Structures are given as structure tokens and as C-alpha cells.
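Here's the structure, in C-alpha cells; my notes come after.
The values are calculated or read from the model by the stated rules, or taken from the named source; none is laboratory data. Owing to the predicted nature of the structure, the values given are computational and were not obtained by experimental measurement. Cβ: placed from backbone, ideal geometry, glycine included. Neighbour counts: every protein chain shown.
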Amino acid sequence: MKKQETSFSPRAVSARILCLAKTFPFVKIKRCGTSLCGRPIDALVLGCGRKTLLYVGAHHGSEYLTANLLLDFAEELCRAVDAGKRLLSFSARELLERRTVVLLPCVNPDGVALALNGTSFDNPLGRKQIGMNKGREDFSKWQANARGVDINHNYNYRFYEYKELEKAYGISPGRSRYAGEYPESEPETLAVCRLVEEFRARLSVLMTFHSQGEVIYYHDSPLTRQGARFLSRTSGYRLERAEGLAAYGGLTDWVNTLSIPAYTVEIGRGENPLPISMAPLLYITLREMLISSLAFF
């Protein structure tokens, strides 16, 4: 596979995070952890309000457009604060006086690197990764981390029920769906969990971004119902509840058990990986939802 050093690669994401922190003194970088292959898992922290909103992207390697979406959001917010401008009807500066915004654009940098550039036998894990990919050198649809664990099944929610389903479906380490040996077994998952626990006492919402389907998944309960309707109204996305294998081990599933409203937003429509050319339109479509969520939650 031809190497793609695009603006969506883990290295480019890290460079953009660093650029925002250098350009805007009110932006802080929080190192949440490192991936299995040693890549940084960094969050941007903006604002000083008591209520904290957490936005998470790129759990799955082939869904790297979600990282770009969150970085576009961060950049527009930073520029508006710096210039004293309004976003929609809101003062950007006042929003960040009342809210703390934490953006974790890329949970799974190893998976993104695999989806963009594949692997090779020179890589210490390369031979095993090609085997997990059923001998294919094309990793463009790869979702898991570097050792074939689907991070969004690795959280502590109905985990061992899912392990029984793995046996029934013949799921093993590979491109997607394998949940790992135990909850939070992966450094990427652990990084997210530590971030959630750090802000747990004042976390007003968690939104995690995937692709594709133009749908928002949520647990239908008094905790989440009003927020779900708001997100659907401001995005135009339909609401659904996760079913089947998707209803086990996910980040939003686990966070909801902490009595924190959490939602999974599936951006765009098509087949993963979505075309890079869709990135600007995706941000335009979700801009209202992202900005207004800062005031709603």
C-alpha cells in the first residue's frame, strides 16, 4: 500500500494538536497515554468552567475523519475565542468561562496508521497483523488496534457476555469485533478510562464520534433522552439504540453506567473509510450541533 502522509495520519494529528497549543496560550495538551506501538494519545483542554464536556474520535482505524472533525471544531473555537467573536449566537469566550472542553481526537493512532498505510514484514508485528487480516495487504478497512483488539468492545460493559458471543460467532483477533482478553486490557482503552475518571465528578456529557450512517446511538433513559433529541435536531441525524454485537463493551455504554449522559455519533454516509473529500462537508453539517452542545450540556 502506498504510504499516505495525509492530514489524517497520527503524525499529522499530533502536529496539529501541538500547533493549536503553541498558537493559543489558553489551550493545554493533556497526555492521556500511549498506544501499543508508542504513539501519543493526546487531548486538548480548553476553558475553565466547572461543567466538562468530553469529545472523543477515531476509536476505529478506518474512521480517521472523526479526528479531523474534532480538530476542525477545536480550531474554530480557538480562533473565535482569540478574536472575541461569536459562534452561532454564543460568545466563544463566555462559553469557555462556563465550560471546560476536552477533545481527544484520536484514541487509536496505531489503527489509523494501519488503515492508511498498512504494515510490512519489517514491522515486528507485521507478520501477525497480515495474518489477522487474513493474508491481505490492504488494511484500509482495519478498525482494531495494533494487536487486533476492537477498542470499542474493550470497555467494562457486558464484557463477558460479549466474550460468549465471540465464541458463537467465531470472532478472534483481527480487523474488527474482537474485544480483548479482559476489560481495559488495551493501553488505548485505559487512556480513555483514566481521562473519564479524572473529570468524572464534573463531566456533563461524553460524545464519541464514529463513521458512518448519519445516526446517533443512545440508551433511551431519562438521563439521555432530552440530550439525544437535542443532538438529533441540531444535526439532522436520526436516533437509534444499538442492537446485536454493537450493544456490548462500548465507551458510551460504560459511561452511561456512571450516570453520565453519553452518545455515539456516526458521521457521514457511505462505506468506511469515507472519502477524504467529505471532510469539509461533514464539519459544516455537524457544526451547529458541536457548537450549541457547549451551551446545552
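What number goes with the only condition from (1) surrounded by 19 or more Cβ atoms within 10 Å (Cβ to Cβ); (2) outside any helix (DSSP H, G or I) that L69 does not pass? Among (1) surrounded by 19 or more Cβ atoms within 10 Å (Cβ to Cβ); (2) outside any helix (DSSP H, G or I), the lone unmet condition for L69 is (2).
Yes/no matrix, rows are residues, columns are (1) under 30 Å from G236 (Cα atoms); (2) touching a helix residue (DSSP H, G or I) at 6+ places or on another chain (Cβ under 9 Å); (3) at pLDDT below 95:
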position: R127; (1), (2), (3): no, no, yes
position: E161; (1), (2), (3): no, no, no
position: Y169; (1), (2), (3): no, yes, no
position: G174; (1), (2), (3): no, yes, no
position: F209; (1), (2), (3): yes, yes, no
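Considering only the stretch 199-222, I want to know if a residue exists there that is under 25 Å from G148 (Cα atoms) and free of Cβ contacts under 8 Å to residues at least 12 places away in the same chain. Checking the stretch 199-222: not a single residue is under 25 Å from G148 (Cα atoms) and free of Cβ contacts under 8 Å to residues at least 12 places away in the same chain. The condition (being part of a helix (DSSP H, G or I), touching a residue at least 12 places away in the same chain (Cβ under 8 Å) and surrounded by fewer than 15 Cβ atoms within 10 Å (Cβ to Cβ)) is satisfied by just one residue among E97, E75: E97. Residues that are aliphatic (A, V, I, L, M), under 22 Å from G38 (Cβ atoms) and crowded, with 19+ Cβ neighbours inside 10 Å within the stretch 146-200 comprise A146, V149, I151, A191, V192, L195, listed in sequence order. The residue list S172, S185 contains one member that is within 19 Å of L114 (Cβ to Cβ), of a type outside the set (D, E, K, R), over 21 Å from the mean Cα position of the chain (by Cα) and in a loop (DSSP other than H, G, I, E, B), which is S172.
Provide a single number: the residues in the stretch 89-147 that are touching a Cys at 6+ places or on another chain (Cβ under 7 Å) and over 30 Å from V45 (Cβ atoms). Number of matching residues: 0.
Of the residues in the stretch 230-241, none is loosely packed, with under 13 Cβ neighbours inside 10 Å, closer than 27 Å to G180 by Cβ and not basic (K, R). Meeting the requirement of 3 or more residues that are under 24 Å from I41 (Cα atoms), the helices (runs of 4 or more DSSP H) wholly within the stretch 192-297 are 251-256, 279-296.
State whether the residues of the stretch 18-26 include one that is surrounded by 22 or more Cβ atoms within 10 Å (Cβ to Cβ) and either modelled with pLDDT of 95 or more or assigned to a strand (DSSP E or B) (or both). No, the stretch 18-26 contains no residue that is surrounded by 22 or more Cβ atoms within 10 Å (Cβ to Cβ) and either modelled with pLDDT of 95 or more or assigned to a strand (DSSP E or B) (or both). Can you pull out every residue in the stretch 122-139 that is touching a residue at least 12 places away in the same chain (Cβ under 8 Å) and surrounded by fewer than 16 Cβ atoms within 10 Å (Cβ to Cβ)? Passing the criteria: K128, K134, E137, D138. Against the condition over 21 Å from R79 (Cα atoms), charged (D, E, K, R) and over 17 Å from the mean Cα position of the chain (by Cα), how does K28 come out, does it pass? Criteria not met by K28.
Screening L36 on (1) in contact with a Pro (Cβ under 7 Å, 6 or more places away or on another chain); (2) buried (at least 24 other Cβ atoms within 10 Å of the Cβ); (3) not in a helix (DSSP H, G or I) shows it passes everything except condition (2).
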